[in-house]
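The next block holds one structure in the form of structure tokens; read it before the comments.
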Amino acid sequence: MTFRQMMTDKIKVIKSDGQEFGDLKASVQSKEIYLMQSDVLIEPNDLVQRIMSNGGVESFRVIDPGFHEKFHGIPAHYQMKVQNLGLPEEEKASQSITYNITGPNARVNNNSTDNSTNIANINQDVADHLALLRQEIGRLVTSQEEKKDALEIVDAIQGQFESSTPSKAIVKTLVSALPHAGSIASIGSFLLSALGG
């Protein structure tokens, strides 16, 4: 059996600058990940996500990349030392930029076109999470058409929170229509929990 045949896990590497390398074959252990290729530069603090066949995702932070050059019949490879991240650590690690904005109608325009929507008269935590949801969609969704559709869904969710009688069923349906990514799903879960019941 060759080393590559032992690589039965599917992983994605997320660099600190947001660059992603997906669909890599590896062997994931509790504190180590073996990747039998060298065409991806892996550095300390990069994130590695294991995509499981049951739809689950497990996230790890790289402590030591453990790169080894080719030696006889063994190709150049990584023997990474990693830390398994729980959900709070994963969300914190995957946020490359954090904006702390307070007060109604506050906004940030950092070398970009201002397409933001101000939110007033709703719970500040909800407003913050809606803004974060828009930011994550902008960061994770590459197709302009999908991004436009996702942002329209967020506008509809915002409309529910701004109404006098928001419907949890409608918000749940809207959240389920958003792109399926870990951080987007987590924000959607918070918005649903904010409706109680």
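The values are calculated or read from the model by the stated rules, or taken from the named source; none is laboratory data. All values reported here derive from a predicted model rather than from experimental measurement. We place every Cβ from the backbone using ideal geometry, glycine too, and count neighbours over all the protein chains shown.
Scanning the range 63-90 for residues that are touching a residue at least 24 places away in the same chain (Cβ under 8 Å) and hydrophobic (A, V, I, L, M, F, W, C), which turns out farthest from residue 185 (Cα to Cα)?
74
Given the condition buried (at least 16 other Cβ atoms within 10 Å of the Cβ), in the same structural domain as residue 71 (by TED's automatic domain parsing) and in contact with a helix residue (DSSP H, G or I) (Cβ under 7 Å, 6 or more places away or on another chain), answer yes or no: does some residue in the range 45-52 qualify?
There is at least one residue in the range 45-52 that is buried (at least 16 other Cβ atoms within 10 Å of the Cβ), in the same structural domain as residue 71 (by TED's automatic domain parsing) and in contact with a helix residue (DSSP H, G or I) (Cβ under 7 Å, 6 or more places away or on another chain).
For the range 8-62, how many residues are assigned to a strand (DSSP E or B), among the charged types (D, E, K, R), closer than 14 Å to residue 81 by Cβ and within 20 Å of the chain's Cα centre (by Cα)?
1
Which of the following residues is of a type outside the set (Asp, Glu), in contact with a Leu (Cβ under 8 Å, 6 or more places away or on another chain) and loosely packed, with under 15 Cβ neighbours inside 10 Å: 150, 169, 156? First the steps, then the outcome.
On the way: 150 fails: loosely packed, with under 15 Cβ neighbours inside 10 Å; 169 fails: in contact with a Leu (Cβ under 8 Å, 6 or more places away or on another chain).
Just one listed residue meets the conditions, 156.
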